[in-house]
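Undergrad: Pasting in a structure now, in structure tokens, and then I'll have a few things to ask.
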Amino acid sequence: MGLLNALRAVRCYLSPLSTSKSWLSTKATLLGDRNILLMGAPGAGKTTVGRIVAHRLGLPVIDVDDDVLEKSWKMPVAAKLAAVGGERFLEEEGDALCNFSASGCVVSLTGSNPLHTAAMKHIKESGLVIYLDVDSEDIVQRLTRMKVNRIVGQETGTSMRDILHYRKQFYERWLDLRVLCGTGDTVEEVAEKVLKAMERYQNHASETFVSTRGDGVESKTLFSDVVVEGLATDGGLYVPKNGFPNIDAREWLRLVHMSYPERALILLEKCIHPLDVPASDLRTMIFKAYGSNFSSEAVAPVKHLIHNQYIQELFHGPTASFKDLALQLMPQLFAYCLPQMCNYLILVATSGDTGSAVLSGFSRLSGSDTHRTGVLVFFPEEGVSEIQKLQMMSFREGNARAVSVLSDFDFCQRSIKRMFGEGGLTGHLAVEYSTVLSTANSINWARLLPQVVYHSSAYLDLCRDGVIKFGEPIDVCIPSGNFGNAMSAVYAKQMGIPIRRIICASNHNRIITDFITTGEYDLRARPLALSHSPAIDILKSSNLERFIFHVSDGDGHLVKELFTSLDRQQHFQVPEPLLGRIQHQVLAGWCSEQDCLAAIQSVHTHTGYLMDTHTAVAKVVADRLQDASCPMVLCSTAHHGKFAPAVFKALQIQNIPEDPVEQLKKLGSTASRPGIHRDMMKCLEGSSRKEHTVCQAEYGALVEEVDNMIQSSFLKVM
């Protein structure tokens with residue numbers, strides 16, 4: 001049904017005030033006397049949608065054009081625009097809206113109302129602004145058919161596409177809720193989406209999180225809680241009780257031609273309730289996170305590698321690893337959700353990349369947030385590359401520091417989780433210093449959630465570039481250590497991205513590969529072996545807990561039993577039926593050190609592209625497990641310059657410079673794809689090679705560093 005015909009049909013069917021107030025639904029009564037304010041571009045269907053929504057809720061309906069402006073001016077809107085011109089029209093339209101008052105109504109705003117700041121501030125106080133985000137091409141086609149002549153800007157000859165593009169910034173500024181309209185959605189479908197959006201808004205308490213080790217029956221934990229707490233009180237990890245929202249194909253198609261920040265905004269709005277983080281604030285955070293601090297405007301571009309393999313470059317952030325995609329946003333979410341009365345110390349265990357990414361992300365906070373938040377990073381002294389170490393050591397100012405430990409990543413991570421679980425320690429810090437511990441590792445939900453975006457974005461890029469049509473499958477191969485990256489791909493699939501196979505690629509430590517192959521997780525007499533891909537030198541994969549919870553349909557009792565066994569006996573075995581479900585969801589393989597270096601050399605020889613060691617692990621495993629029936633996306637998790645000595649070895653280059661800066665320059669002259677990472681180079685050129693703190697491999701020594709950190713910073717309460 002065309003928009004005009006639908007409007008006529010609704011007007012014939014309804015008398016706006018005829019429906020009895022006794023018919024008001026729960027949805028309407030929960031709003032009280034607040035208005036439902038429908039905002040959108042000209043031709044978005046606000047009037048028709050407003051009448052349908054009002055009928056469904058038994059509310060009066062007001063169309064600003066027909067019921068406010070024309071009655072106030074006593075002349076048609078088109079005539080007014082022709083008489084006074086666009087600039088004067090906007091002022092008089094705004095003045096009329098400032099004098100308007102109503103309550104408990106569905107109000108359809110004009111397409112130009114949001115351009116008048118005072119009018120929108122006035123009207124926004126009366127209700128909830130719902131933005132009908134309709135595809136611009138749909139709108140242009142509608143307006144062309146309708147031959148509309150009352151849109152400000154038309155009188156100057158400005159194209160409709162330019163008018164719509166200009167106005168979008170104002171709609172984004174004022175919205176409380178977004179209704180993303182799929183390409184070709186009917187007004188009836190849009191109205192139904194409006195009702196669902198209202199229902200979601202009113203049912204904030206239903207968007208709770210549960211622990212992977214709990215029963216989830218009485219959870220009242222909201223997004224803002226899990227961001228700050230990090231780890232559940234029972235030692236489990238937080239997951240959304242109701243899973244991820246599923247997005248239909250027509251909405252996904254809207255995202256195909258959007259930028260990365262725009263995609264992130266749409267997807268995260270669907271995952272974060274607006275009463276936890278309002279849409280306007282979330283937008284500000286996202287556009288700050290994915291702006292000029294990334295060396296690629298595309299943020300996470302997908303590039304053809306060879307045959308039907310594509311590489312998603314996740315290393316264009318300030319610290320040259322995929323961790324930046326989460327950690328340029330997560331600190332902003334954390335600071336936003338902070339209670340006002342406490343100081344927070346962020347504890348982080350890193351196998352290399354997380355440390356500098358956390359330090360970078362939190363260093364970009366501004367204002368009072370920086371005075372109540374400290375960051376302490378623990379990393380294995382012998383388990384990171386020299387460049388990774390220098391990156392972490394470059395952050396020496398403010399309330400952030402990194403400490404190396406004479407052990408491995410697993411010891412660092414295990415020690416941090418133990419600190420969270422010790423009531424005596426956390427109580428002491430709270431009472432003595434008014435300080436609460438939190439974490440920025442991927443065990444924190446706000447660290448994991450943003451990673452869902454780049455897996456979705458990779459698929460959308462392939463659609464945009466004509467490699468696939470939406471609905472056709474892809475495979476993804478991910479270097480895997482802590483399983484967070486792979487878990488975010490599982491969640492992207494749950495949201496509706498057609499990922500066929502999620503392939504986990506291990507180095508010679510291969511704990512994940514062995515588990516997915518056999519169902520047995522065995523740490524007994526299994527030492528960690530250092531590798532050329534240190535970021536995945538991990539034996540205890542924290543996010544595997546979320547995955548088992550996911551495939552077991554939320555069986556918290558089983559998860560608790562398995563991971564308690566792992567803590568106590570260093571071993572567990574999943575039941576055979578569950579193993580089958582695991583293997584249906586993910587595949588896995590591992591790569592030797594020799595094969596890793598050979599892959600770097602081979603790809604460089606045949607394509608001119610220089611991979612880092614972790615990407616090479618994914619390439620080797622993908623080659624073994626790919627059946628070539630659909631595109632394969634390799635997650636390139638770090639820039640090759642971070643692991644320069646191993647890359648030189650792979651390329652059989654002699655006479656390697658000792659200075660890391662000179663190493664990067666030499667690699668830059670060796671390969672132009674990808675180019676030198678300017679931010680990493682700048683960081684290293686400015687970093688000093690001073691002595692850093694080295695901690696013994698004792699739990700008490702790490703606790704002492706935590707205490708020293710608090711006492712020597714502004715976190716101490718005087």
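Undergrad: If I take every Cα pair under 8 Å that is 6 or more residues apart in the range 492-583, average their sequence separation and divide by the length, what percent do I get for the relative contact order?
TA: The normalised contact order for the range 492-583 reaches 31 percent.
Undergrad: So what is the 222 nm mean residue ellipticity for the chain from helices alone, if each DSSP H run of at least 4 adds -39500 (n - 2.57) and you divide by all residues, rounding to the nearest 500 deg cm²/dmol?
TA: After summing the helix terms and dividing by the residues of the chain, the value is -14000 deg cm²/dmol.
Undergrad: Follow-up question, since we're still on this one. How high is the relative contact order of the range 275-408, in percent, counting Cα pairs under 8 Å that sit 6 or more residues apart?
TA: Over the range 275-408, the number comes to 19 percent.
Undergrad: Take peptides 124-133, 702-711, 573-582 and line them up by average Cβ neighbours within 10 Å, highest first, as a rough protection proxy.
TA: Highest mean packing first, the order is 124-133, 702-711, 573-582.
Undergrad: Per residue and in cubic angstrom, what volume does the convex hull of the Cα atoms of the range 19-156 have?
TA: 110 Å³
Undergrad: Given 10 °C and 1.306 mPa s, how large is the Stokes-Einstein diffusion coefficient of the chain in µm²/s, with Rh as the Kirkwood radius over Cα pairs?
TA: For the chosen part, D equals 58 µm²/s.
Undergrad: What pairs in 168/196; 147/196; 288/619; 303/323; 46/147 have C-alpha atoms more than 29 Å from each other?
TA: In this structure, 147/196; 288/619 exceed 29 Å between Cα atoms.
Undergrad: Now, a different point. For the peptides 637-648, 464-475, what is the packing order when you average, over each peptide's residues, the other Cβ atoms within 10 Å and list the highest mean first?
TA: Final packing ranking: 637-648, 464-475.
Undergrad: When the expected Rg is taken as 2.2 N^0.38 Å, what fraction or multiple of it is the alpha-carbon Rg of the range 167-277?
TA: Dividing the Cα radius of gyration by 2.2 N^0.38 Å gives 1.22.
Undergrad: Taking the Cβ-Cβ separation of residue 66 and residue 520 as r and a Förster radius of 60 Å, what is the calculated FRET efficiency to the nearest 0.05?
TA: Working from the Cβ atoms, E equals 0.30.
Undergrad: While we're looking at this one, here's another question. Choose one of 143, 113, 302: the residue whose Cα lies farthest towards the positive end of the charge dipole of the chain (beta-carbon charges +1 Lys, Arg; -1 Asp, Glu; about the Cα centre).
TA: Toward the positive end, the furthest listed residue is 143.
Undergrad: Run the accessible area of the chain with a 1.4 Å probe and give the carbon-and-sulfur part as a rounded percent.
TA: In the chain, the share of accessible area belonging to carbon and sulfur is 50 percent.
Undergrad: Where only protein heavy atoms count, and the probe is 1.4 Å, what is the accessible area per residue for the chain in Å²?
TA: 39 Å²
Undergrad: Under the classification rounded if a/c is under 1.5, otherwise prolate if a/b is larger than b/c and oblate if not, where does the range 79-238 fall, given a ≥ b ≥ c as square roots of the Cα gyration tensor eigenvalues?
TA: Prolate.
Undergrad: Moving on. In what sequence, largest accessible area first, do 379, 170 appear using a 1.4 Å probe?
TA: Putting 379, 170 in descending order of accessible area: 170, 379.
Undergrad: Could I ask something else about it? Of the listed peptides 428-441, 82-95, what is their order by residue-averaged count of other C-beta atoms within 10 Å, with the highest listed first?
TA: Ranked by mean Cβ neighbours within 10 Å, highest first: 428-441, 82-95.
Undergrad: Please report the relative contact order for the chain, taking Cα pairs under 8 Å with a sequence separation of at least 6, and give it as a percent rounded to a whole number.
TA: 13 percent
Undergrad: Let me ask you something else. Classify the range 453-578: rounded, prolate or oblate, from the alpha-carbon gyration tensor (a ≥ b ≥ c, eigenvalue square roots; a/c under 1.5 rounded; otherwise prolate if a/b is larger than b/c)?
TA: Oblate is the answer for the range 453-578, as a/c is 1.5 or above yet b/c matches or exceeds a/b.
Undergrad: Further question on the same structure: Excluding residue 633 itself, what net charge comes from residues whose Cβ is under 10 Å from its Cβ, given Lys and Arg +1 and Asp and Glu -1?
TA: Summing Lys/Arg as +1 and Asp/Glu as -1 gives -2.
The values are calculated or read from the model by the stated rules, or taken from the named source; none is laboratory data. Because the structure is predicted, anything quoted here is derived from the model rather than measured. Neighbour counts are summed over all protein chains in view; Cβ atoms, including those assigned to glycine, are modelled from backbone coordinates with ideal geometry. Ligands, DNA and RNA are stripped out before the accessible areas are found, and what is left, the full protein with its side chains, is counted by its heavy atoms. Shrake-Rupley method; radii C 1.70, N 1.55, O 1.52, S 1.80 Å.
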